[in-house]
Amino acid sequence: MNSHLAAISLVRNQSYGPALDRALARLHINTSKNIVAGRNVTAGYIRSWGLSEEDGFARAIAQDPVYQESMELARGLTLVAEHKLMNLFLIMKYGLAGADGDIVEFGSYKGGSAVFMANVARRLGMKARIYALDTFAGMPETDQERDLHIAGDFNDASLVKLRAFVEEHQLTNLTPVQGLFEDTAPALLEKISAVTLAHIDCDIYPAVKFAVAAVRPKMHPAGGYLAFDDPLQATCLGALEAVEDMIQTIGLHAEQAYPHLVYRYPAPMVRSTDEFDEEAFETAMSKEIELAEARAHIGKIESDLRSKTEMLGDVNKQLKVLGGQFAETSQRLLAMEEQLHIRDMRVDELQERLSKLHASTSWRVTAPLRKLKTALTGR
Ligand SMILES: C[S@@+](CC[C@H](N)C(=O)[O-])C[C@H]1O[C@@H](n2cnc3c(N)ncnc32)[C@H](O)[C@@H]1O
């Protein structure tokens, strides 16, 4: 059996759990066996096959709590297809295990894929910062000869809304960077030590071309990942041409073509197979799995806490409204009581005057009565 098929047999029909986790981690180790022409062919086949095939592991990954929570956060904010987000998750969890550096996204629109990566990074305990680069005001000028997109496409993004979302969900590892890549990326990349993953999702020839040229010198020396969202989309021939230019200039070969194009630059560092200590790997992996499970558990508790806090907030709001209504009604009751009291006093007063009148023998009261009697009786 060829070694890639053998690798696939390790993950075929696997359900979510430690065995799949261990296999995926192991298949991402760059050994002299699986690095071919500057990329990890085994890891590429595993991710592509796992996500595209019926007996693959897309359903199992969909049960991962870190993936689920990140997906939930990104929902409604992203145009990126679910398998592509899953692939970014696999690259981050297994491909970047132990690598120090940051993640840069060229093309963030409403911020969904950046939010997704930021949540995955924090839940996996990665130190990486995620930089989300965009005009946040729509496409700039495009290359009319190559691109289908035109200036102003995607102009319904809002940096204010994205910042509020980041604040609300405490995604402290996510930094939106507003402006044209050409204006913002050079200074940003200058201060980053290494880019472990560049997610290039900007659809048009000049932007993809610029992004590759700008980020390439900063790619992590162990073989950073260049993931291109759109060159194989029907509407993005310009993006494909920029990738073809890159292939011609630096001669890269793709590590993966489904669900999107992934390259490694520079070529991944290779570990010789004799260097590979099976026992040490198993011990390290069981610790990693325990840690990952503990983190996922903490993540779950945190998200339960967040939703309970939100519910408490709602109850408090309702209580405040009810309290306001109660205070208003009490005031009205008090005012009515006061009016009643004033009326009672007036009734008492009138009654007293009436009784006095009845008891009076004063001629001023009796004289008119006597006159009336004389007029009526004639006596
Ligand atoms: C397809 S959208 C990105 C989708 C996003 N990743 C998501 O999760 O939905 C492409 C974005 O690239 C941005 N863009 C393209 N060229 C750019 C440039 N030169 N500078 C800044 N932003 C650019 C556009 O503004 C647009 O928002």
Revision key, fill the gap. Of the residues in the stretch 112-127, those that are within 8 Å of the ligand (Cβ to nearest atom) and either over 9 Å from the mean Cα position of the chain (by Cα) or not aliphatic (A, V, I, L, M) (or both) come to G112, S113, F116
Practice item. State whether the residues of the stretch 28-48 include one that is among the charged types (D, E, K, R) and at pLDDT below 95. Key: yes
Practice item. Could you pull out the residue among R295, R271 that is modelled with pLDDT under 85 and touching a strand residue (DSSP E or B) at 6+ places or on another chain (Cβ under 6 Å)? Key: R271
Review point. In this structure, is L85 within 10 Å of the ligand (Cβ to nearest atom) and touching a Lys or Arg at 6+ places or on another chain (Cβ under 6 Å)?
Key: no
Check your understanding: Among (1) part of a loop (DSSP other than H, G, I, E, B); (2) touching a Ser or Thr at 6+ places or on another chain (Cβ under 8 Å); (3) of a type in the set (A, V, I, L, M); (4) closer than 27 Å to G179 by Cα, which single condition is L79 missing?
Key -> (2)
Review point. Any idea which residue in the stretch 92-111 is farthest from the ligand (Cβ to nearest atom), counting only those that are under 18 Å from the mean Cα position of the chain (by Cα) and assigned to a helix (DSSP H, G or I)?
Key: K93
Study note, to complete from the structure: Residue set T196, T184; condition surrounded by 15 or more Cβ atoms within 10 Å (Cβ to Cβ) and away from the ligand (no atom under 16 Å from the Cβ); output residue T196
Practice item. Taking the options Y225, Y205, name whichever one is more than 26 Å from L27 (Cβ to Cβ), at pLDDT 95 or above and buried (at least 21 other Cβ atoms within 10 Å of the Cβ). Key: Y205
Review point. Which residue, of V104, V120, is closer than 21 Å to A257 by Cα and either crowded, with 24+ Cβ neighbours inside 10 Å or among the aliphatic types (A, V, I, L, M) (or both)?
Key: V104
Exercise for review: Take I8 and decide whether it is modelled with pLDDT under 95, touching a Pro at 6+ places or on another chain (Cβ under 9 Å), crowded, with 16+ Cβ neighbours inside 10 Å and β-branched (V, I, T).
Suggested key: no
Review point. What are the pairs, 6+ residues apart or on separate chains, where a residue within the stretch 123-150 that is on the phi > 0 side of the Ramachandran plot has its Cβ under 6 Å from a residue that is among the polar types (S, T, N, Q) and surrounded by fewer than 21 Cβ atoms within 10 Å (Cβ to Cβ)?
Key: F136/Q178; G138/N155
Study note, to complete from the structure: Those residues of the stretch 153-168 that are more than 9 Å from the ligand (Cβ to nearest atom) and part of a loop (DSSP other than H, G, I, E, B) come to a total of 2
Point to revise | Selection within the stretch 61-76 - assigned to a helix (DSSP H, G or I), among the aliphatic types (A, V, I, L, M) and closer than 24 Å to L261 by Cβ | key: I61, M71, A74
Check your understanding: Does G17 meet the test of being crowded, with 17+ Cβ neighbours inside 10 Å and on the phi > 0 side of the Ramachandran plot?
Key -> no
Review point. For the stretch 60-101, which residues satisfy the criterion of being touching a His at 6+ places or on another chain (Cβ under 8 Å), among the hydrophobic types (A, V, I, L, M, F, W, C) and buried (at least 23 other Cβ atoms within 10 Å of the Cβ)?
Key: L88
Revision key, fill the gap. Residue hits (the stretch 128-147; more than 10 Å from the ligand (Cβ to nearest atom), of a type outside the set (D, E, K, R) and touching a helix residue (DSSP H, G or I) at 6+ places or on another chain (Cβ under 7 Å)) are A128, I130, Y131
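The values are calculated or read from the model by the stated rules, or taken from the named source; none is laboratory data. The structure displayed is predicted, hence computed values, not measured ones. Positions of Cβ are generated from backbone atoms using ideal geometry, with glycine treated the same way; all protein chains shown enter the neighbour counts.
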